[in-house]
Every structure is written in structure tokens, then in C-alpha cells.
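Reviewing the structure listed below.
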Amino acid sequence: MRKDEIVIGAVGLGYVGLPIALELAKKFPVIGFDINEEKLDVMRSGKDPNDELSSADFLGCDITFTSDSNDLKSANVYIVAVPTPVTRFNVPDLNPLQAASKTVGSVLSDGDYVIYESTVYPGCTEEDCVPILSEESGLTYPEQFHVGYSPERINPGDKVHTLTNTVKVVSADSAEALSFVAELYESIITAGVHRATSIRVAEACKIIENTQRDVNIALMNELSLIFDRAGINTSDVLEAAGTKWNFLKFYPGLVGGHCIGVDPYYLTHKSIELGYTPEMILTGRKINDNLSKHVAKKAVLMISDQGVPINKSRALVMGITFKEDVSDIRNSKVVDVVKELESYGVEVDITDPHADSSSLHRSYGLELKEPSGKYDCILLAVKHESYLALDESYFKHLSRGQGALMDIKSLYTGKISDMLYWTL
Ligand SMILES: NC(=O)c1ccc[n+]([C@@H]2O[C@H](COP(=O)([O-])OP(=O)(O)OC[C@H]3O[C@@H](n4cnc5c(N)ncnc54)[C@H](O)[C@@H]3O)[C@@H](O)[C@H]2O)c1
């Protein structure tokens with residue numbers, strides 16, 4: 001396919017799909033397809049529903065937004081970036097990926113390319129998606145269409161490591177297809193691309209990037225559980241250990257969101273299917289998933305240390321998004337802390353400068369509030385930039401009596417003298 005013949009069909013326009021679609025739309029005509037009409041309307045007005053991109057990012061882009069799959073027919077290179085969540089039993093939920101593959105299959109023509117960007121387990125593209133593409137299109141694979149896989153490394157909220165300045169791993173089903181896919185991405189990724197030796201290698205590489213983070217954070221969380229019992233401040237220990245050249249800098253914390261807390265389950269699922277039950281990865285997941293309960297229990301202890309009956313106590317949770325400076329509340333473990341605190345009878349107010357109140361209500365039945373009145377415990381849960389400039393007098397002002405600050409991200413270690421203080 002010649003460069004001037006390329007028409008991109010971008011399927012799934014979320015945190016991953018929209019930036020890619022817009023970047024490609026500076027070079028090629030792009031048909032942006034999504035099933036969410038509400039989001040499409042926002043995009044049509046030149047805005048990112050997730051507030052990650054600015055209106056300027058839409059300027060000069062040759063892109064149309066649609067929920068009608070017939071509009072995709074004129075595309076010849078499809079890029080699929082739909083969600084890959086897990087079910088409540090932590091097994092991969094391939095429904096969005098299968099549905100998107102059906103949509104693409106229904107408009108696929110001889111000679112087209114389909115490149116998947118969704119995070120999946122090794123083998124998923126060829127074993128789960130390609131048969132759907134073939135069946136829906138009636139085309140034979142790999143004679144009549146090609147498939148590629150290029151995992152996404154975008155880090156929402158991160159203004160330093162961007163889509164275009166981060167090396168992108170690319171893969172495809174043949175040497176010729178790999179050249180095409182690599183050149184397509186090279187046209188937008190200034191940092192260049194890494195050609196993986198196979199689609200499975202590219203799928204595996206993405207999943208281990210997040211699994212590695214998850215396991216390392218789990219180790220830090222376990223150390224924090226130990227040091228808490230020993231009465232040692234974990235961040236002091238990490239600061240000291242970090243002076244050695246080969247000590248890796250990971251920190252304890254709540255592991256939520258759509259990636260780190262989810263992707264390892266894709267790998268463990270595949271592993272179990274292959275006859276090996278992973279131990280370290282699943283243990284890491286268990287430690288990280290249980291941390292919310294530990295934090296809530298600590299909050300309850302700090303409230304009762306002040307002589308306040310739990311069922312008459314009030315807590316303020318500052319930050320409900322899954323990480324700093326984003327509006328994303330998917331799989332937020334702070335929500336689990338809130339629910340746990342409420343189950344003890346604590347009245348909880350939640351404040352967050354980035355989260356959207358109606359999404360929070362829709363997803364979890366929780367409300368955002370401005371802090372009002374006095375609290376027995378303040379839980380600083382997320383490292384939003386606007387929280388970095390606060391000081392003890394701010395927290396003290398919101399506290400009834402002595403007050404307790406639970407500083408999950410260790411932002412105020414060594415800076416709190418008058419209140420009860422705890423950090424992971
Ligand atoms: N968010 C991240 O930071 C990040 C980073 C790297 C990789 N990923 C991976 O990228 C993939 C997409 O994640 P995301 O964060 O962009 O998700 P998202 O929820 O922000 O966006 C997905 C979009 O796909 C749409 N969609 C769902 N089903 C569809 C279908 N059948 N056809 C067309 N559109 C459909 C949704 O309406 C939504 O707009 C996931 O596999 C995720 O693991 C995400």
C-alpha cells in the first residue's frame with residue numbers, strides 16, 4: 001500500500017485511541033469510530049472527553065468521528081484500542097475486543113491491515129481476534145489481510161513521557177507487514193520504533209512492563225506492612241536504601257487503574273491455561289488488592305486513638321482518582337478504602353480536583369464534596385499537584401481535636417508535628 005493511499009480507521013477513542021488517532025490525522029485521513037455517542041459529541045466539538053488533550057491537539061487534523069461502522073468502509077488500516085478489562089473474578093473480559101474485531105471484520109477488504117493496541121496476553125491477537133476478522137470478512141488470513149500489534153505506553157497525566165517521544169514497539173505477521181507497520185508508526189513517533197520479532201513477543205512485552213511494576217510495588221507494600229509493625233517509617237528506609245547504586249526505586253501504594261492492577265491477570269490467565277500457576281505474580285496481586293483494607297483499618301485505629309466512637313466519626317478523603325493529576329477513576333483503590341471505612345460506620349466526605357462528580361456517582365454511587373466541618377481523620381490518598389503545597393495548618397484547620405493525617409504517598413513525612421500521622 002502506498003503512503004498516499006492510507007486511510008486509517010481508529011476503533012475505540014479513549015485514553016489510548018484518541019491521541020493515536022489525532023497524531024495519525026496530522027499525516028493521513030482518519031475515521032474515528034467509537035460506540036459512545038456522548039463521547040463522540042465532545043470530540044466533534046474539538047475536546048477530549050478525558051481532558052488529557054487540549055483543543056489545540058485537534059487543530060489541523062483530518063479526522064471525522066462516527067459511531068456508524070459503515071463509515072469505516074473507506075479505511076484500509078484499522079487501529080483497535082478498546083478496553084481489555086477483567087471480570088469480577090479477575091479473568092480477561094474480551095467482549096469489547098471481540099466486538100471491535102467483529103466491527104472491523106464486517107468492513108475489512110482484501111489487502112487491509114488491522115493493528116491492535118489493546119493490552120492482551122501473548123497469543124490473543126492471533127488466537128482470539130484473527131478468527132473473528134476472517135469469519136466476519138470472509139477473507140483468508142494471512143493471504144488477504146495482515147495483522148499487527150503495537151502495545152501502547154501512553155501514561156495519562158504525564159507531560160514528560162508522551163506518545164511521540166516514547167519508543168513504540170511494533171510487530172506484524174510477516175516481514176513485509178512489519179515494514180509497513182513500522183513505517184506507519186515511524187511517521188508519528190519521533191523517538192522511533194522497536195521491531196519485535198513476533199506479535200506474541202510484542203504482546204508479552206507490554207504485559208510484563210506492567211507486571212514488573214505491580215510485583216515491585218507489592219514488595220514495597222509488604223515491606224511497609226512489616227515496618228508498620230516494627231514502628232519504622234518505610235519512606236525513611238527507602239531513602240536510605242536508595243543511596244545504593246543498584247537499589248530499585250519503587251514505593252508502596254494503592255495499585256488501581258486500568259493497567260497495572262489489571263494487566264497481570266491477563267498474563268496469569270494465559271499462564272494457567274498453559275499449565276503453570278504463577279505464584280509470585282498472583283501473590284503480588286493479592287498483596288496489592290488487600291492494601292485498601294489495611295489502610296482503612298489503620299484509619300479506624302487512628303480515629304479510636306483519639307477517643308472518638310467510630311460510628312460518630314468523620315473522615316475526609318482527599319483524592320479519589322486512581323493516580324495523580326488525572327480524572328480517571330477506573331478501578332480506583334481509594335474507592336475500596338472509602339467503602340471499607342463506611343462499612344465500619346465512618347462518615348466519609350470525598351474531595352478531588354480532577355475527578356468528575358457524575359462519573360463517580362455513576363460508577364460507585366459516591367459523591368464529591370467540598371470539605372465542610374471538622375474531621376477526625378484526613379486521608380491524603382492521591383499525589384495531585386494541588387495537594388503538594390498544603391501544610392499542617394491546612395489539615396489542622398479541618399480537624400476536630402488533635403486530628404489524624406494518613407499520608408498514603410508520604411508527601412508530608414517529617415512535616416507534621418501536632419497531629420497523629422501515618423504513612424505507608
Ligand atoms: N489508559 C492507559 O493509560 C493505557 C495505557 C496503555 C495501554 N492501555 C490499554 O489500551 C486499551 C484501551 O484503554 P483506554 O484506557 O484507552 O480505554 P478507554 O476506556 O479510555 O477507551 C476505550 C474506548 O473504546 C470504546 N469502545 C468500547 N468498545 C468498543 C467497540 N466495540 N467498538 C468501538 N469502540 C469501543 C469506548 O467507548 C471507549 O471510548 C486497553 O487495552 C488498555 O489496557 C491503556
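Structure notes:
- Just one residue in the set Val382, Val348, Val337 is closer than 30 Å to Thr87 by Cα, at pLDDT 95 or above and in a helix (DSSP H, G or I); that residue is Val337.
- One residue from Ala21, Ala56 being surrounded by 24 or more Cβ atoms within 10 Å (Cβ to Cβ), assigned to a helix (DSSP H, G or I) and of a type in the set (Gly, Ala, Ser): Ala21
- Search result, residues across region 359-380 that are over 20 Å from the mean Cα position of the chain (by Cα) and without any contact (Cβ under 8 Å) to a residue 40 or more places away in the chain: Gly365, Glu367, Lys369, Glu370, Ser372
- Of everything listed in (1) under 19 Å from the mean Cα position of the chain (by Cα); (2) within 16 Å of the ligand (Cβ to nearest atom), the single unmet condition for Tyr185 is (1).
- Residue within region 352-364 that is in the same structural domain as Leu225 (by TED's automatic domain parsing), hydroxyl-bearing (Ser, Thr, Tyr), within 16 Å of the ligand (Cβ to nearest atom) and not in a helix (DSSP H, G or I) present: no
- Members of region 399-424 that are assigned to a loop (DSSP other than H, G, I, E, B), under 20 Å from Val255 (Cβ atoms) and not hydroxyl-bearing (Ser, Thr, Tyr): Ile408, Lys409, Leu411, Leu424
- Every condition in (1) surrounded by fewer than 18 Cβ atoms within 10 Å (Cβ to Cβ); (2) more than 30 Å from Asn50 (Cβ to Cβ); (3) hydroxyl-bearing (Ser, Thr, Tyr) holds for Ser386 except the one numbered (2).
Residues are listed down the side, and each one gets a yes or a no for (1) closer than 25 Å to Pro19 by Cβ; (2) of a type in the set (A, V, I, L, M); (3) touching a residue at least 60 places away in the same chain (Cβ under 8 Å); (4) within 15 Å of the ligand (Cβ to nearest atom):
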position	(1), (2), (3), (4)
Val120	yes, yes, yes, yes
Val130	no, yes, no, no
Gln144	no, no, no, no
Gly157	yes, no, yes, yes
Thr166	yes, no, no, yes
Ile189	yes, yes, no, yes
Thr197	no, no, no, no
Glu203	yes, no, yes, yes
Val215	no, yes, yes, no
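- Among the residues here, Ala10 qualifies as in a strand (DSSP E or B) and either out of contact with any strand residue (DSSP E or B) (no Cβ under 9 Å at 6 or more places or on another chain) or surrounded by 20 or more Cβ atoms within 10 Å (Cβ to Cβ) (or both).
- Pick from region 67-95, criterion of a type in the set (Ser, Thr, Tyr) and surrounded by fewer than 16 Cβ atoms within 10 Å (Cβ to Cβ), ranking: farthest from the chain's Cα centre (by Cα): Ser74
- Out of Asp51, Asp71, Asp4, one residue alone is part of a helix (DSSP H, G or I), out of contact with any helix residue (DSSP H, G or I) (no Cβ under 8 Å at 6 or more places or on another chain) and either touching a residue at least 12 places away in the same chain (Cβ under 8 Å) or near the ligand (Cβ under 9 Å from one of its atoms) (or both). It is Asp71.
- Any hit, region 84-104, residues being in contact with a strand residue (DSSP E or B) (Cβ under 8 Å, 6 or more places away or on another chain), away from the ligand (no atom under 15 Å from the Cβ) and either in the same structural domain as Asn288 (by TED's automatic domain parsing) or of a type in the set (S, T, N, Q) (or both): no
- Any chance Glu37 is in contact (Cβ under 8 Å) with a residue 24 or more places away in the chain, more than 10 Å from the ligand (Cβ to nearest atom) and charged (D, E, K, R): no
- Residue list for region 24-34, filter: part of a loop (DSSP other than H, G, I, E, B) and either within 21 Å of the chain's Cα centre (by Cα) or near the ligand (Cβ under 9 Å from one of its atoms) (or both): Asp34
- Region 223-255, residues that are among the aromatic types (Phe, Trp, Tyr) and touching a residue at least 60 places away in the same chain (Cβ under 8 Å): Tyr251
- Residue match in region 291-303 (condition: among the hydroxyl-bearing types (Ser, Thr, Tyr) and within 16 Å of the ligand (Cβ to nearest atom)): no
The values are calculated or read from the model by the stated rules, or taken from the named source; none is laboratory data. Here the structure is a predicted model, which means the values were calculated and not measured. We place every Cβ from the backbone using ideal geometry, glycine too, and count neighbours over all the protein chains shown.
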